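Trainee: Let me give you the structure first, and then I'll get to my questions.
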Amino acid sequence: MSVLTNNLDLFLRAFAQTLQLFAISAVLSLVLGTFLAALRVSPVPVFRGIGTLYVTVLRNTPLTLVFVFFLFAYPLLEIVKIEPYTAAVVSLSLYTAAFVCEVVRSGINTVPVGQAEASRALGLTFVQMLGNVVLPQALRSVVPPMTSTMIALLKNTTVASGFAVFQAGTIRDSLSEQGENVLLGLLWVAIGFVVLVMPLTYVQQVFEKRWSVAR
Amino acid sequence: MTAASAPPMIRVAGVDKFFGPLHVLKNVQLEVPKGQVVVVLGPSGSGKSTLCRTINRLEPIDSGVIEVDGQPLPAEGKELARLRADVGMVFQSFNLFAHKTIVENVMLAPTKVRKTPAAEARKTAMELLERVGIANQADKFPAQLSGGQQQRAAIARALAMKPKVMLFDEPTSALDPEMVQEVLDVMTGLAKDGMTMLVVTHEMGFARKAADRVIFMSDGEVVEDSTPEEFFSAPKSNRAKDFLGKILTH
């Protein structure tokens, strides 16, 4: 317990940083992932190709390599200089968006094709159909897998440890510098993550209950 | 029928359609003048549903011409969406939007496609629901309604766009027998009001009572095109005789 109480400030700052990384990346990846899913079901073959290519590349690349790219390779391109923290957000968002895309797309596939046909028959455009009819129904069936994807994102934020971005994953380094018991410290980090994940599980239950509409 | 010079509401000329090697529409010719009610009959697999779905391009065709109100069907895109807004369609499986209430189902397309203000759209929607007899179900979700009520809601949803023509793709085939009549009554009412209708159905009673013309299809071809009296009392082709023999004897 003393490991935690002696370094409470460190733990709080680190987990706050983790939460911030998570929150920003979650919003960005949800937006981008949903957009990519729309591309993948679009009637335009080129759009579908772009969506598929994105998912293939980002989903098949280890997250660490995505980080390496944005922290070391991207700066060499000398486009826009970005801070390591921003690079971490970008890496996490782009990587997670590929998974969000596939989750949303699987949700879209659960919506009966008649829903889209009825929309088209009424004169709705593709974007109107997706936004008003298909996505609202698709998102209901993706709450559990989407929660899993978000939990994975929350834990993936620790990959930033290897790239000098301060967050919960770097608590160990600080503790070891101070000669604290590192193993006990890590145990507290693990408990911290469990505490952070629990609200996500709760949110999942709330949404599942609210959106459980009979078909 | 109106002035002879006006273009027909629907013109289908030389239309062919394949599903892979299967030739489902064979050189189909059909004209539906404004205000006419045309019932399409035929055994299952004869292509009548496909024909109905090609008219608003839910099924693209391989060759031939389809015109709605003198306008050839455009390719997929904004133009086609505009045309579809003027063509009402009622499906066998209702296809009401499962996450919206009945009144929201009816309001959606007018507000999104026609940009009608919500209050006005709601008022029109309630009038239409009144007309099809389910105004008291307006705030329920589709799954809470019976099949007959759902199909009437679907008709109201199509009518909300003030379509020039209505397509019915086997509107009563998925209904329990006791609910068929309530849907047919709504359709008969529409026909009496002068709506141009193309109805794919197995309801011979409706064809007799409400149709101006009967089209008989078999194996992807239009085999007969006559009045209901003529078709039911004196079918010309053997395929029609065979078909009527099967359904009228039991």
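Trainee: Which values, in whole Å and largest first, are the semi-axes of the equivalent ellipsoid of region A:2-210 obtained as the square root of 5 times each eigenvalue of the Cα gyration tensor?
Mentor: Semi-axis lengths for region A:2-210 are 38, 22, 11 Å.
Trainee: With a 1.4 Å probe and every protein chain left in place, work out the accessible area per residue of the protein assembly as shown in Å², rounded to a whole number.
Mentor: 46
Trainee: With all protein chains present, how much of the accessible area of region A:148-205 (probe radius 1.4 Å) comes from carbon and sulfur, to the nearest whole percent?
Mentor: Carbon-and-sulfur percentage of accessible area, whole number: 65.
Trainee: Okay, next question. Out of all Cα-Cα pairs in region A:23-134, roughly what percent, to the nearest whole number, are more than 23 Å apart?
Mentor: Result: 38 percent of Cα pairs exceed 23 Å.
Trainee: What would the Debye formula give as log10 I(q)/I(0) at q = 0.14 Å⁻¹ for the alpha-carbon point model of region B:204-250, no solvent?
Mentor: At q = 0.14 Å⁻¹ the computed log10 ratios are -0.30.
Trainee: Using only the heavy atoms of the protein chains and a 1.4 Å probe, how would B:Arg152, B:Arg84 rank by accessible area, largest first?
Mentor: Ranked list, largest accessible area first: B:Arg152, B:Arg84.
Trainee: Only bridges whose two residues both fall in the protein assembly as shown count here: according to DSSP, what percent of them are antiparallel, nearest 5?
Mentor: Close to 55 percent.
Trainee: I need two numbers for the protein assembly as shown: Rg to one decimal and Dmax as a whole number, Cα atoms only, in Å.
Mentor: Rg and Dmax of the protein assembly as shown, Cα atoms, are 29.6, 102 Å.
Trainee: So, one more: Assuming 0.692 mPa s and 37 °C, estimate D for region A:158-211 with Stokes-Einstein, Rh taken as the Kirkwood radius over Cα pairs, in µm²/s.
Mentor: My calculation gives 255 µm²/s for D.
Trainee: Using only the heavy atoms of the protein chains and a 1.4 Å probe, how would B:Ser44, A:Ser2, B:Ser146, B:Ser226 rank by accessible area, largest first?
Mentor: Most to least solvent-accessible, the answer reads B:Ser44, A:Ser2, B:Ser146, B:Ser226.
Trainee: Compute the FRET efficiency between A:Met1 and A:Val57 as 1/(1 + (r/R0)^6), taking r as their Cβ-Cβ distance and R0 = 56 Å, and round to the nearest 0.05.
Mentor: 0.75
Trainee: Please compute the modelled spin-label separation between B:Lys192 and B:Asp139, points set 7 Å along Cα→Cβ, answer in nm with one decimal.
Mentor: It works out to 3.2 nm between the two label points.
Trainee: Evaluate the distance, in nm, between pseudo-label points positioned 7 Å from the Cα of A:Trp211 and of B:Lys115 along their respective Cα→Cβ axes.
Mentor: Here the answer is 3.1 nm between the modelled labels.
Trainee: Between chains A and B, what is the buried accessible area summed over both chains (1.4 Å probe, protein heavy atoms, nearest 100 Å²)?
Mentor: Between A and B, the summed buried area is about 1900 Å².
Trainee: Output the DSSP H helices from chain A with an along-axis C-alpha extent of no less than 20 Å and a mean Kyte-Doolittle hydropathy no less than 1.0.
Mentor: Qualifying helices: A:8-40, A:182-210.
Trainee: Shifting gears a bit: On the principal axes of its Cα set, how long, how wide and how thick is region B:1-101? Give whole Å, largest value first.
Mentor: 45, 36, 28
Trainee: Would you tally the net charge around B:Val186, using a Cβ to Cβ cut-off of less than 9 Å, leaving B:Val186 out, and scoring K and R as +1, D and E as -1?
Mentor: 0
Trainee: Right, here's the next one. What distance in nm separates the two pseudo spin-label positions at B:Asp62 and B:Lys246, each 7 Å out from Cα along the beta-carbon direction?
Mentor: Output for this residue pair reads 2.4 nm.
Trainee: Give the calculated FRET efficiency between B:Asn27 and A:Val113 to the nearest 0.05, with a Förster radius of 41 Å applied to their Cβ-Cβ distance.
Mentor: Once rounded, the FRET efficiency stands at 0.90.
Trainee: On to the next question. Based on the Cβ-Cβ distance from A:Ala23 to A:Arg48, what FRET efficiency comes out when R0 is 45 Å, to the nearest 0.05?
Mentor: Computed FRET efficiency for A:Ala23 and A:Arg48: 0.90.
Trainee: Among B:Pro60, B:Ser146, B:Asn136, which residue has its Cα furthest toward the positive end of the charge dipole of chain B, with +1 on Lys/Arg Cβ and -1 on Asp/Glu Cβ?
Mentor: Sorting the options by dipole projection puts first B:Asn136.
Trainee: Can you pick out the pairs among B:Lys26/B:Lys246; B:Lys100/B:Lys140; B:Lys34/B:Lys192 whose Cα atoms lie more than 19 Å from each other?
Mentor: Cα-Cα > 19 Å for B:Lys26/B:Lys246; rest within.
Trainee: While we're here: Stokes-Einstein diffusion coefficient for chain B at 20 °C in a medium of 1.002 mPa s, Rh from the Kirkwood formula over Cα pairs: what value in µm²/s?
Mentor: My calculation gives 115 µm²/s for D.
Trainee: Please compute the contact order of region A:141-202 in relative form: average sequence separation of alpha-carbon pairs under 8 Å and at least six residues apart, divided by the residue count, as a percent.
Mentor: In percent, rounded to a whole number, it is 29.
Trainee: Kindly write out, for region B:215-223 in residue order, the coupling ³J(HN,Hα) from the Karplus curve 6.51 cos²θ - 1.76 cosθ + 1.60 (θ = phi - 60°), rounded to whole Hz, with x marking Gly and Pro.
Mentor: 9, 10, 10, 8, 6, x, 10, 7, 8
The values are calculated or read from the model by the stated rules, or taken from the named source; none is laboratory data. Keep in mind it's a predicted model, so treat the numbers as computed, not measured. Neighbour counts run over all protein chains shown; Cβ positions are idealised from the backbone, glycine included. Heavy atoms of the whole protein, side chains included, go into the accessibility calculation; ligands, DNA and RNA do not. Shrake-Rupley method; radii C 1.70, N 1.55, O 1.52, S 1.80 Å.
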